[in-house]
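One structure is given here, and the rest of the page talks about it.
Only the coordinates and a few stated rules stand behind these numbers; no lab work does. Since we're looking at a predicted model, the values are computed, not measured. Note that each Cβ is placed from the backbone with ideal geometry, even for glycine, and that neighbours are counted across all protein chains shown.
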Amino acid sequence: MPYEKIAFVASDSRQARDALLILKDRYENVPAAEADVIVALGGDGFMLNTIHENMGRHIPIYGMNRGSLGFLMNEFLVDKLVERIAKAERSELHALRMLATDIHGNKFEGLAINEVSLLRSTRQAAKIKITVDGRVRMQELNCDGVLVATPAGSTAYNLSAHGPILPIKAGVLALTPISAFRPRRWRGALLPDSAVVRFDILEKEKRPVSAVADMLEVREVDHVEVQIAEDIAVPILFDEGHELDERILMEQFTD
């Protein structure tokens, strides 16, 4: 589909700012609130920031890499940008919704495109009870932490924690331990993307745990619930032949 109104946004890096000036000189630029599509210039971190700033608007975002890895980004090219965007493949990403309650009873809600992670806050290992859809699946996980990852996030922190890579259309979430001590051989689980996962922190004052959903961090959590936010879909655009599901598939065949 044609996108007539483009908003260009850029990270604070010199590379991204230089690209912004070039593109604004070549193409018409409108405010993000008036745009049909947003072009984000930077790395994956800036792409996540752009997604969060426009969450709920259902406006397509087309990233161009002016950072390092750029897994969520397209190649930076100045020419024929309008044509590239018009031909781009569209992927709909659903965020994870984190509902966290701290030991003081304060409640926090956060959204995460990649993963929700729980991490120990001191030198002592965390002890966490895991419940899935109301049924206790693990009475005590002794670990550095644990995370729930979406398919889009399965190649990020989840992969570094030795979790599985998930095809974008698999309909599952990855539940992955981070440096599990007991049970020592547990490597995590695959859950249907309809699952509601609850983490209860054991010995919470002696072994405090933080919960993180993208940019939101909650310290000294008592319990955390995680599930897919079905009401929020984020459209991301990728050049033909380089769509997200192909990139994720290829990650399984790279060193």
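Can you tell me the orientation of helix 44-53 relative to the chain, as the angle in degrees between its alpha-carbon axis and the longest Cα principal axis, to the nearest 10? With rounding to tens, the tilt is 90 degrees. Annotation: peptides 200-207, 62-69, 24-31, ranked by per-residue average of other Cβ atoms within 10 Å with the highest first, follow the order 62-69, 200-207, 24-31. Local charge for K5 was computed over the other residues whose Cβ lies under 10 Å away, with Lys and Arg +1 and Asp and Glu -1, and equals -4. Based on every Cα atom in the stretch 113-163, Rg and the maximum pairwise Cα distance Dmax equal 11.9, 31 Å. If you sort the three axes of the alpha carbon gyration tensor as a ≥ b ≥ c, you get a/c of 1.5 or more for the stretch 40-178 and a/b above b/c, which makes it prolate. Over the stretch 142-255, the fraction of Cα-Cα pairs per 10 Å bin, rounded to whole percents and listed from the shortest bin up, is 12, 40, 34, 12, 2, 0. Size descriptors for the chain: radius of gyration and Dmax over Cα atoms are 19.5, 59 Å. Peptides 142-149, 165-172, 176-183 ranked from most to least packed, by the mean per-residue count of other Cβ atoms within 10 Å: 142-149, 176-183, 165-172. How far is helix 14-26 tilted off the main Cα axis of the chain, in degrees rounded to 10, range 0 to 90? Taking the Cα atoms of the chain, the angle to 14-26 is about 40 degrees. In terms of the ratio Rg/(2.2 N^0.38 Å) built on C-alpha atoms, what value belongs to the stretch 6-87? Rg over 2.2 N^0.38 Å, computed on Cα atoms: 0.98. Which of the pairs K87/K169; K24/K169; K24/K87; K169/K206 have their Cα atoms more than 29 Å apart in this structure? Check vs 29 Å cut-off fails for K24/K169; K169/K206. Under 17 Å between alpha carbons, and skipping anything fewer than 8 positions from K129 in its own chain: which aspartates and glutamates qualify? Hits, sequence-local ones excluded: D102, E140, D144, D200, E203, E205, E220, D222, E225. Taken as Cα centroids, the stretch 100-165 and the stretch 4-25 sit 36 Å apart, rounded to the nearest whole angstrom.
Taking only C-alpha pairs under 8 Å that are 6+ residues apart, what is the relative contact order of the stretch 6-87 in percent? Answer for the stretch 6-87 is 29 percent.
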